[in-house]
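Working notes for the structure below.
We did not get these values from a lab; they are worked out from the coordinates using the rules stated. Just so we're clear, the structure is a prediction, and the values are computed from it rather than from any experiment. Using ideal geometry, Cβ is built from the backbone for each residue, glycine included, and neighbour counts are taken over all protein chains shown.
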Amino acid sequence: MKNSIRGSLTSPDGAESSGAVVNKTVENERNRRKKMNDSICRLRSIVPRISKMDKASTIRDAIDYVQELQEQERQLEGEIAEIQSQRASEISSSYEYNNCVNYPSLSPQTWNLPPIELLELNVQEIGDGNYIISMTCNKKNCAMSSMCEVIDYIDLKIMTSNITAVSGHIMFTLTVKAEELTSLQLREKIETGIFMINGLRRH
């Protein structure tokens with residue numbers, strides 16, 4: 001009986017089974033290391049500043065970069081909130097000129113800013129009187145306060161808004177409700193607002 005048990009434990013089938021388990025474990029570990037190395041390489045291609053090429057430094061630099069982006073986002077949101085609060089308490093939203101033409105009002109803090117340099121404007125209807133507006137401008141000539149004045153001039157119900165800063169450009173993306181306007185009329189209204197604001201700047 002003992003010989004029978006011993007024989008089963010040392011049989012070729014048992015050795016092959018044990019070897020298969022070892023090979024599977026080695027293969028899983030190899031795949032895990034490859035995935036980790038691929039992830040590290042992707043991080044190095046995304047993060048602009050890598051202090052050292054070891055894995056720990058790459059991960060630490062990636063974490064620092066994400067935290068930096070989050071801080072920039074908080075600063076932008078704070079600046080927009082402050083500007084909107086000041087305008088609500090100090091400045092009238094618009095005033096009449098000549099043939100009841102509504103001109104945008106300018107905050108005193110923005111009088112000496114350079115004209116808005118609009119690089120791209122897209123207006124897309126998404127149904128039920130809703131539109132997605134995308135405005136891209138030169139970051140150098142596109143202060144947040146200037147674009148807030150444009151948004152105020154549009155005078156529409158803003159459902160969502162987003163700001164993205166990439167490679168010297170700033171993109172403003174808005175979802176608005178404009179049931180009485182076509183996409184062409186909405187586009188013309190935005191372009192008119194930018195034209196008027198640029199005309200009221202002190203040059």
Query raised in the report: Can you sort Asp54, Asp61, Asp155 so the residue with the fewest Cβ neighbours within 10 Å comes first?
Result: Asp54, Asp155, Asp61
**Report entry** Qualifying aspartates and glutamates (Cα of each under 12 Å from Cα of Lys52; at least 8 residues distant if same chain)
**Finding:** Asp61
